[in-house]
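Q: Here it is: the structure, laid out below.
The values are calculated or read from the model by the stated rules, or taken from the named source; none is laboratory data. Everything quoted here is computed from the prediction, not taken from an experiment. Note that each Cβ is placed from the backbone with ideal geometry, even for glycine, and that neighbours are counted across all protein chains shown.
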């Protein structure tokens with residue numbers, strides 16, 4: 001099992017360029033997430049998906065779009081990159097959110113991250 | 001928006017000693033538990049431990065344990081017998097709005113001294 005993989009690992013863009021980050025998981029997870037991490041900050045949720053064909057906005061969705069055409073893949077798109085989008089991007093997946101009982105939780109499994117620089 | 005407070009931006013601990021990392025959170029929905037993750041300098045996010053909100057006993061996983069005080073909305077991570085490999089960022093993450101999301105604190109950077 002590869003777990004959660006992200007492509008690419010590094011990317012440098014110029015302001016205004018577009019790109020797509022690919023996240024793939026082989027654990028048959030229903031839920032998938034995109035986060036960004038900036039220096040001195042924890043992870044902030046950009047968008048998430050609770051199943052194939054569904055997406056929803058997280059805490060910081062502006063400037064990003066996502067698609068979940070296949071259960072195993074979750075794509076994050078930047079249509080017109082800006083320097084403020086320079087960050088490390090993490091994808092994660094899970095069966096379900098943790099509920100009150102320990103026996104029913106499932107943690108989020110994270111990919112290795114993509115370091116994006118926008119000049 | 002939910003507020004998570006990790007009051008210790010950085011901490012030092014002597015190897016083989018125990019250390020406690022603080023986390024308090026502000027959520028109106030107390031039906032869901034809380035996660036702790038570790039992020040070493042290599043960058044990956046590693047799941048450490050989970051505490052269910054209805055679990056009567058504090059969670060333990062090897063050298064990691066939680067001091068969970070539901071009424072005070074705090075879930076402090078205790079690492080016993082610190083090792084050099086424990087040097088990393090540690091993030092507390094209770095569920096956010098809608099229960100699907102995790103909301104992360106800003107983290108505590110732990111440095112283990114030989």
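Q: Do we find a residue being modelled with pLDDT under 95 and either within 12 Å of chain B (Cβ to nearest Cβ) or not in a strand (DSSP E or B) (or both) anywhere in the stretch A:14-24?
A: no
Q: Can you tell me how many residues within the stretch B:43-84 are more than 13 Å from every other protein chain (Cβ to nearest Cβ) and in contact (Cβ under 8 Å) with a residue 24 or more places away in the chain?
A: Selection size over the stretch B:43-84: 14.
Q: To continue, here is another question. Checking the structure you have, find out if any residue of the stretch A:79-94 is under 18 Å from residue B:35 (Cβ atoms), modelled with pLDDT under 90 and not in a strand (DSSP E or B).
A: no
Q: So, one more: Inspect the stretch B:29-40 for any residue being closer than 24 Å to residue B:112 by Cβ, in a loop (DSSP other than H, G, I, E, B) and either in contact with a helix residue (DSSP H, G or I) (Cβ under 6 Å, 6 or more places away or on another chain) or within 14 Å of chain A (Cβ to nearest Cβ) (or both) and give the result as yes or no.
A: Filtering the stretch B:29-40 down to residues closer than 24 Å to residue B:112 by Cβ leaves B:34-40.
Those left that are additionally in a loop (DSSP other than H, G, I, E, B): B:40.
Next cut, either in contact with a helix residue (DSSP H, G or I) (Cβ under 6 Å, 6 or more places away or on another chain) or within 14 Å of chain A (Cβ to nearest Cβ) (or both) only: B:40.
Checking the stretch B:29-40: at least one residue is closer than 24 Å to residue B:112 by Cβ, in a loop (DSSP other than H, G, I, E, B) and either in contact with a helix residue (DSSP H, G or I) (Cβ under 6 Å, 6 or more places away or on another chain) or within 14 Å of chain A (Cβ to nearest Cβ) (or both).
Q: So, in the stretch B:42-57, of the ones that are modelled with pLDDT of 90 or more and part of a loop (DSSP other than H, G, I, E, B), which residue ends up surrounded by the most Cβ atoms within 10 Å (Cβ to Cβ)?
A: Checked the stretch B:42-57; the qualifying residue surrounded by the most Cβ atoms within 10 Å (Cβ to Cβ) is B:45.
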